[in-house]
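Visitor: First the structure, then my questions, so here it is.
Every number here is computed from the coordinates shown, using simple stated rules; none is lab data. Computed from a prediction, not measured in an experiment: that's the story for all the values here. In this analysis, Cβ positions are derived from the backbone assuming ideal geometry, glycine residues included, and neighbour counts consider all displayed protein chains.
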Amino acid sequence: MFLCLNFQDELRLRMKLPGDIHHGIVVYRVVRESPADNAGIQPGDVITHINGNEIYECSEVMELLETKKELVVTIRRENRQAFNVLIKPEY
């Protein structure tokens with residue numbers, strides 16, 4: 001679906017992320033035609049919440065993806081306001 005990087009201060013500096021983001025994971029790559037791609041997730045997006053829960057590690061995202069349930073993903077992209085996308089699992 002996508003590769004991600006855990007959120008760290010070094011990563012924040014390299015990517016020039018907004019200072020008001022204190023948790024989340026950075027999407028590194030999105031697999032074409034995957035549920036994440038179909039939902040509009042892009043490399044560089046920061047996933048801060050899934051189904052309203054704060055996200056801190058890539059492993060949390062992978063566990064949720066394995067449930068095969070629809071996920072409401074909160075994203076920060078560049079300096080824009082947070083927005084939600086719906087990821088529908090592959091069946």
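Visitor: How much net charge surrounds residue 60 when only the other residues with a Cβ under 15 Å from the Cβ of residue 60 are counted, with Lys and Arg +1 and Asp and Glu -1?
Guide: -3
Visitor: Taking 0.36 nm per residue of sequence separation and subtracting the Cα-Cα distance, how much length would be gained by fully extending the chain between residue 57 and residue 31, in nm to one decimal?
Guide: Contour length minus the Cα-Cα distance gives 7.4 nm.
Visitor: Which ³J(HN,Hα) values, rounded to whole Hz and listed in residue order, are derived for segment 26-32 from phi using the Karplus coefficients 6.51, -1.76 and 1.60 in 6.51 cos²θ - 1.76 cosθ + 1.60 with θ = phi - 60°, glycine and proline given as x?
Guide: In residue order, the calculated couplings are 9, 6, 8, 8, 10, 6, 4 Hz.
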